[in-house]
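**Q** My questions will all concern the structure given below.
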Amino acid sequence: MDPMAKTSTTTQGLRAAIERSGYYPALVAEAVEAAVGGEPISSYLVHQETTFDANEVRRHVTVLVLTDSRFIVSHTDEQAADSTSPTSYATTSTESVQIGRISSVVLSRVVANPEKYVPGSLPREVVLTIGWGAVSRIDLEPATCGDPNCEADHGYTGNTTADDLSLRVSEAGDGPETVREALTFAQSLSEAIADAGRR
């Protein structure tokens, strides 16, 4: 297949996925396309999520795009009218990250009846966590020496976790096709990171 034709098909597929989400598609598509620029798209994932916040139902959409050199995240949230705006409004943000800056890709799979698992079967849900150092979480706890009678101050010990993006996709909530797309995107991203490391 002609690489230009594949790029065109992938771009059209992304636009169609954004349209299918039904979540302010003109706004979301414009933000994503501006961030991508003219770079060819190699993989993408569109995920819309509905959350319940007190008495409000809130929707938001996350679009992940992979190009040859960058990982692009676009997130759009809707907000109800408040003291700063008499009408409801949406906020869209995009971030562009060089592939080489991505430090971790964690894919957690939840599988029902693991004793009966057949290779290639879809998990019940997946959680994709991607870290590139923009946001880190530090978990601290008091350090000990192992002596239960020791009362000395040993300072603190802890872990730093890169946790820039975490996306949960489930078969029950999003459908099997979205789970499949999340797995495909995670694999494409892992391959892109491996390729970048070999350069």
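The values are calculated or read from the model by the stated rules, or taken from the named source; none is laboratory data. Remember, predicted model here, so these are calculated numbers, not experimental data. Glycine gets a Cβ as well: all are built from the backbone with ideal geometry, and neighbour counts include every protein chain shown. Note: areas computed on protein heavy atoms with side chains; ligands, DNA, RNA excluded. Shrake-Rupley method; radii C 1.70, N 1.55, O 1.52, S 1.80 Å.
**Q** Can you give the FRET efficiency to the nearest 0.05 for GLU39 and ARG168, using r as the Cβ-Cβ distance and R₀ = 22 Å?
**A** 0.20
**Q** Grab the Cα-Cα distance for VAL106 and ALA194, subtract it from 0.36 nm times how many residues apart they are, and report the gain in nm with one decimal. Please report the intermediate quantities before stating the final value.
**A** Working: separation 88, 0.36 × 88 = 31.68 nm, distance 1.42 nm.
Taking 0.36 nm per residue and subtracting the Cα distance, the gain is 30.3 nm.
**Q** Taking the chain as a Gaussian network, where each spring joins two C-alpha atoms under 10 Å apart, which residue of ALA34, ALA152, ALA112 fluctuates the most?
**A** With Cα springs under 10 Å in the chain, the top fluctuation among ALA34, ALA152, ALA112 is at ALA152.
**Q** Whole-Å semi-axes of the chain's equivalent ellipsoid, largest first, each the root of 5 times a Cα gyration tensor eigenvalue?
**A** Working: eigenvalues 220, 119, 81 Å².
After diagonalising the Cα gyration tensor, the semi-axes are 33, 24, 20 Å.
**Q** Show me, for region 108-122, the HN-Hα J-couplings you get by feeding each phi into the Karplus relation (A = 6.51, B = -1.76, C = 1.60, θ = phi - 60°), rounded to Hz, glycine and proline as x.
**A** Per-residue couplings from phi come out as 9, 10, 10, 10, 7, 6, x, 5, 9, 4, 10, x, x, 6, 6 Hz.
**Q** Per the 1.4 Å probe, what fraction of the accessible area of the chain, in percent, lies on carbon and sulfur atoms?
**A** Carbon and sulfur atoms account for 50 percent of the accessible area of the chain.
**Q** Would you work out which of THR10, THR129, SER74 lies farthest towards the positive end of the dipole of the chain, given +1 charges on the beta-carbon of Lys and Arg and -1 on that of Asp and Glu, about the Cα centre?
**A** Projecting each Cα onto the dipole axis, the largest value belongs to THR10.
**Q** Next question, about the same structure. So for the chain, averaging the separation of alpha carbon pairs under 8 Å that are six or more residues apart and normalising by length, what relative contact order in percent results?
**A** Working: 321 pairs, mean separation 29.9, N = 199.
Answer for the chain is 15 percent.
**Q** In region 59-199, with Lys and Arg counted as +1 and Asp and Glu as -1 at Cβ, which of these residues, LEU165, THR87, GLY100, has the Cα nearest the positive end of the dipole, that is, farthest along it?
**A** Going by the charge dipole, the pick is GLY100.
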